[in-house]
1. Residues to consider are 17, 27; find the one that is part of a helix (DSSP H, G or I), within 11 Å of the chain's Cα centre (by Cα) and surrounded by fewer than 17 Cβ atoms within 10 Å (Cβ to Cβ).
2. Any residue in the range 1-30 that's touching a residue at least 12 places away in the same chain (Cβ under 8 Å) and of a type outside the set (D, E, K, R): show its pairings with residues that are part of a helix (DSSP H, G or I) and surrounded by 11 or more Cβ atoms within 10 Å (Cβ to Cβ) at Cβ separation under 7 Å, as long as the two are six or more apart or on different chains.
3. Residue 59: among the aliphatic types (A, V, I, L, M) and touching a Leu at 6+ places or on another chain (Cβ under 9 Å), yes or no?
4. Scan the range 60-79 and give yes if some residue there is in contact with a helix residue (DSSP H, G or I) (Cβ under 7 Å, 6 or more places away or on another chain), surrounded by fewer than 17 Cβ atoms within 10 Å (Cβ to Cβ) and among the small types (Gly, Ala, Ser), otherwise no.
5. Of everything in the range 18-36, what is closer than 13 Å to residue 82 by Cα and touching a helix residue (DSSP H, G or I) at 6+ places or on another chain (Cβ under 8 Å)? Give them in sequence order.
Amino acid sequence: MANTPSAKKAVRKIARRTAINKNRRSRVRTFLRKVEEALASGDKASAEAAFKAAQPELMRAASRGVMHKNTASRKVSRLAQRVKSLSA
């Protein structure tokens, strides 16, 4: 348990930050799920639209420190590849 005033403040800050990050991570997962559902349905137009919406959300999460930059880039790359292969 935190005893010093600075440690107590740190606990409060961490709790706030965790809540914000949890919200952002949930938002990213929602966008990814929409892309996955569009890919599963086989609808190229909706898959492209969902991907266009998900891409900036992933990169925003990376820039805010919710996920690593390379992780976000990898996810974007793999999704782009799957959306592209949908037309072929």
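What follows draws every value from the coordinates through simple rules; no lab data is involved. Since this is a predicted model, take the numbers as computed values, not measurements. No Cβ is skipped: glycine too gets one built from the backbone with ideal geometry, and neighbour counts run over all protein chains shown.
1. Within the list 17, 27, the selection yields 27.
2. Listed by first residue and then by second, the contacts come to 28/57; 28/58; 28/61.
3. Spelling it out, it is not the case that residue 59 is among the aliphatic types (A, V, I, L, M) and touching a Leu at 6+ places or on another chain (Cβ under 9 Å).
4. No, the range 60-79 has no match at all.
5. Step one: of the range 18-36, the residues closer than 13 Å to residue 82 by Cα are 32, 35-36.
Of everything in the range 18-36, those that are closer than 13 Å to residue 82 by Cα and touching a helix residue (DSSP H, G or I) at 6+ places or on another chain (Cβ under 8 Å) turn out to be 32, 35.
Table: residues versus (1) assigned to a loop (DSSP other than H, G, I, E, B); (2) under 13 Å from the mean Cα position of the chain (by Cα); (3) of a type outside the set (Gly, Ala, Ser).
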{"residue": "35", "(1), (2), (3)": "no, yes, yes"}
{"residue": "61", "(1), (2), (3)": "no, yes, no"}
{"residue": "74", "(1), (2), (3)": "no, yes, yes"}
{"residue": "80", "(1), (2), (3)": "no, no, no"}
